[in-house]
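Take a look at the structure below.
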Amino acid sequence: MESITEWLRAIGRYIGQGLNPLWQALRSVFIWPFTWNAMFGYLTVGVAGILLGFTILITFVANGFFGFVPSKSELRLVRNSTASEVYSRDKVLLGRYFFTNRVNAELDELSDTLVNALIATEDARFMQHSGIDLRALFRVLFRSLILNDDNSGGGSTLSQQLAKNLYPRRTYRIATMLLNKIREMVIARRMEEVYSKKELLGMYLNTVPFSENVYGIKVAAQRFFNKSPKQLKIEEAAILVGMLKATTSYNPRKNKAKAKERRNLVLERMHKYKYLSDNELDSLANLPLTLEYDSLDMQNEGLATYFREYVRLELEGVLKNFRKPNGEPYNHYTDGLKIYTTIDARLQNHAEQAVMEQLPKIQRRFNGEWSNQDPWENDENFRKIIEANPIYQQWKNKGFSHEGIIRRMSEKYPMELFDWKKGSIKRVMSQLDSIKYYLRQLNTGLIAVEPETGAIRAWVGGFDHKFVQYDHVKSHRQVGSTFKPILYAQAVESGMDPCKYFPNQPKIYPEYENWQPKNSDNKYGGGYSLEGALTKSVNTVSVQIIMETGINPVRKLAANMGIKSKIPYAPSIALGTVETSLQEMVQAYSVFVNRGIKRPFFFIERIETADGELIADFGPNKNVEPEKRALSERTADIMLKMMRSVTQGGTASSVRWKFGINSDFAGKTGTTQNQSDGWFIGLTQKLVAGVWVGAESPIVHFKSLDSGQGSTTALPIWGAFMQRVYNDPKFSSWKEVKMAELPDSVRYRISCAHRIWYPSDSLADSLNLDPTLEGVETDTTIIGADLNLSREERKEERRKRREQKQLEKMLLNRTKEDEDKKFLLGGN
């Protein structure tokens, strides 16, 4: 123990001898012992050294040794991240694209009340200092360091806060706060030399966050009070300025008591600096806190939600061809672009209202058919649907078994669901329950296009983008009989006589595995002209036509008319087994209105910068894809005549009396296997509009043809849409606009009865015919049961047949007499 003690003492003596020369050197520099004069001298030297060191540090920071600091020239070009705005052709704001929801307010949009509230609360000496308020800075240092007052404030001016908003802080370990404060002072001082005080206030109010992913005073005023910054009342401006201290704590929607307390503090500050009188303060402080909250869900709410998402996805490819002055590509999330689309806000609203009016009725009919039964009919079908679900696929890719995935997807938790009556409902259910819920929901797609230009005027991709993001304008489904006009157009184009009659009898085609297409109503007999077969949507005739024209010519014509989807090489395409989108089908139908010309669709008219400078113009006749002729004028005009017949005495005629539409229009309905899809595409000279209705999965369908065919699902939505359009004073004149008419000589040559009777038609065949004007469409091979008619029913059928034949004979004779007169008088 003693040896250890001696060892430690020896070490101490050794260290002492080593430090003694240093101590002597220090004493030779400083006067020892200290005197007051010496202490004052040392203090002066110390302060001077600190100031010198601080000056050197500022110089290093200002010159970018601790990270980027913008120069004055760079500050002149500063622009914060700004949301791009999407407008309709009639300049209605549809929505925004953003990473941060910010739209800059112009200087003239900032009221004096708002500016005064901001200055009084955040920087009372803003108009006197030049970016750095030394008085406030020393006050903060004194209170914080000497008085230990945590409520002394930060000492940062509005200019410094703006610098922090524009150039976020960095991490410098223990020197983080010091270096960031110096950096912000340098930037603030430079900004004061570049911008006026009002410009700085505008920039500040455009950059600050206001909670709920809202940036800038313009969006905040709209969000909480549904008005512009210029329209804000004093108490409303005080609420927004008060939020800046703590956006979540003082959110007036979530924390009303705290927000009101903070509002009144701002009002007191305004009173302190003579912006409010005593009476104004008293009256304003006693007002209740009221909001006119606008959720501004710019993705899922407002007009044309599905269309806006389509535009968003397309913009990246569009903008890559255009560059900013600095060579960078434009960014539609940050560059504050103004995107003017082809959508007409009034037509879009009519389309959405038509869907909201008609789809719930169709849904109720669907629910009534299935009642408490599952519309997917059996567990095997449901398993197919589940296994195709993205959530199931994610679990499967992670290696989970089917049983394990089902167990996880059966776990319940709270969720929000779409509801037709309430808009949304909250339930506790599993993912499997949610899938079943939405499988029962019918959906729709609607697109309306101006055929003359190719401009898309209305686009409805579903019933609610918040709950179902899948866009049914772009989705691919079987098109049913809506494909038949393309087939018939090819037949006419290839020289087939429109008055050629085809027997309406089932036929077996051995070369196609004994395929025997049937009519959906299982009624046969007689013969149909092309127009008659199209009017009544007769399957047996359509198959005979494609056998004569050939499959490939029909596929080629479909592609030339705008169908880009793959078309199978099979005669069944005559019945609509083609899977394509509503958008492509409407593109093809617009060829008929344009008298054989395929005019490509476009959806953006022009794009401008935030300052209104034109970036790109995509107006009519400026498409990348040129227009081209797909059909002869003669064929297109003949097809219009045939499809007019569909709306006058065929499967779409009910829309005339149900919705009072008596204008010149044509169209075609369509229904697919088991009534999974209902279609209608209607043609007018001003608009070509198409509608699809169906469930998310084709496995889910209507039980009966009467309830699920296109004439009872898609057609009513089209009718409601066009009824609203024609009742709108802006578009009411469209009712008088006619489509192309055939020359008299051509119309005379193709005028023939829709249907004729053969002597070989048996009584049974004749009894199975439905000669009424209201035909039932037929699209795919559906085998029905034979009709078991009573004696009285057979008599009634024979009576109807006689009346129909007499009516057709009378109409045919009258038409021929009229045509003969015109022809003899020199008509052409």
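The values are calculated or read from the model by the stated rules, or taken from the named source; none is laboratory data. It should be emphasised that the depicted structure is a prediction, and the values quoted were computed from it without experimental measurement. Positions of Cβ are backbone-derived with ideal geometry, glycine not excepted, and every protein chain shown enters the neighbour counts. Surface areas here come from the heavy atoms of the whole protein model, side chains and all, with no ligands, DNA or RNA. Shrake-Rupley method; radii C 1.70, N 1.55, O 1.52, S 1.80 Å.
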Give me the pairs, please: first residue somewhere in region 723-742 and over 11 Å from S663 (Cβ atoms), second residue anywhere and open to solvent by 100 Å² or more (accessible area, probe 1.4 Å) and β-branched (V, I, T), beta-carbon distance under 9 Å, and either six or more positions apart or on two chains. none
Of the residues in region 231-267, how many are over 14 Å from L118 (Cα atoms), open to solvent by 40 Å² or more (accessible area, probe 1.4 Å) and assigned to a helix (DSSP H, G or I)? 6
Just to be sure, is R595 of a type in the set (D, E, K, R), at negative phi and open to solvent by 10 Å² or more (accessible area, probe 1.4 Å)? no
Name the pairs: first residue in region 211-223 and closer than 8 Å to N101 by Cβ and among the β-branched types (V, I, T), second residue at pLDDT 85 or above and open to solvent by 20 Å² or more (accessible area, probe 1.4 Å), Cβ to Cβ under 9 Å, at least 6 apart or on different chains? V214/Q222; V214/T247; V219/R96
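Are any residues in region 176-197 touching a Lys or Arg at 6+ places or on another chain (Cβ under 6 Å) and open to solvent by less than 10 Å² (accessible area, probe 1.4 Å), and if so, which ones?
Looking only at region 176-197, we keep the residues that are touching a Lys or Arg at 6+ places or on another chain (Cβ under 6 Å), and these are 180, 184, 190, 194.
Those that are touching a Lys or Arg at 6+ places or on another chain (Cβ under 6 Å) and open to solvent by less than 10 Å² (accessible area, probe 1.4 Å): N180, E184.
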Quick check on region 526-561: of everything there that is touching a residue at least 60 places away in the same chain (Cβ under 8 Å) and under 14 Å from E584 (Cα atoms), which residue is surrounded by the most Cβ atoms within 10 Å (Cβ to Cβ)? A558
Does at least one position in region 379-400 carry a residue that is part of a helix (DSSP H, G or I) and touching a strand residue (DSSP E or B) at 6+ places or on another chain (Cβ under 7 Å)? no
Test E579 against the criterion of being surrounded by fewer than 22 Cβ atoms within 10 Å (Cβ to Cβ) and closer than 12 Å to V479 by Cα, and give yes or no. yes
Every residue in region 227-278 that is over 21 Å from Y204 (Cα atoms) and either touching a strand residue (DSSP E or B) at 6+ places or on another chain (Cβ under 6 Å) or of a type in the set (D, E) (or both), please. E261, E268, D278
Could you check region 274-316 and list, in sequence order, the residues that are hydroxyl-bearing (S, T, Y) and open to solvent by 80 Å² or more (accessible area, probe 1.4 Å)? Y275, T290, Y293
Starting from region 417-436, take each residue that is in contact (Cβ under 8 Å) with a residue 12 or more places away in the chain and under 22 Å from L359 (Cα atoms) and list its partners that are basic (K, R) and surrounded by 11 or more Cβ atoms within 10 Å (Cβ to Cβ), counting only C-beta distances under 6 angstrom and pairs at least six apart or across chains. L417/R427
Residue check, Q516 against (1) on the phi > 0 side of the Ramachandran plot; (2) in contact with a strand residue (DSSP E or B) (Cβ under 9 Å, 6 or more places away or on another chain); (3) surrounded by fewer than 16 Cβ atoms within 10 Å (Cβ to Cβ), all met but one. Which one? (1)
Could we say that R440 is of a type in the set (D, E, K, R) and closer than 23 Å to T713 by Cα here? yes
Among what's in region 608-634 and is modelled with pLDDT under 95 and of a type in the set (A, V, I, L, M, F, W, C), pick the residue that is farthest from P485 (Cα to Cα). A610
Exactly one of these conditions fails for R656: (1) of a type in the set (D, E, K, R); (2) part of a helix (DSSP H, G or I); (3) modelled with pLDDT of 95 or more. Give me its number. (3)
Go through region 91-137 and report how many residues are among the aromatic types (F, W, Y) and either under 14 Å from A238 (Cα atoms) or surrounded by fewer than 20 Cβ atoms within 10 Å (Cβ to Cβ) (or both). 1
Scanning region 312-346 for residues that are over 16 Å from the mean Cα position of the chain (by Cα) and in a helix (DSSP H, G or I), the one farthest from F463 (Cα to Cα) turns out to be L319
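When you look at I615, is it over 29 Å from P743 (Cβ atoms), touching a residue at least 12 places away in the same chain (Cβ under 8 Å) and open to solvent by 10 Å² or more (accessible area, probe 1.4 Å), yes or no?
It is true that I615 is over 29 Å from P743 (Cβ atoms), touching a residue at least 12 places away in the same chain (Cβ under 8 Å) and open to solvent by 10 Å² or more (accessible area, probe 1.4 Å).
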Of the residues that sit in region 198-222 and are over 17 Å from S159 (Cβ atoms) and among the aromatic types (F, W, Y), which one is least open to solvent (accessible area, probe 1.4 Å)? F210
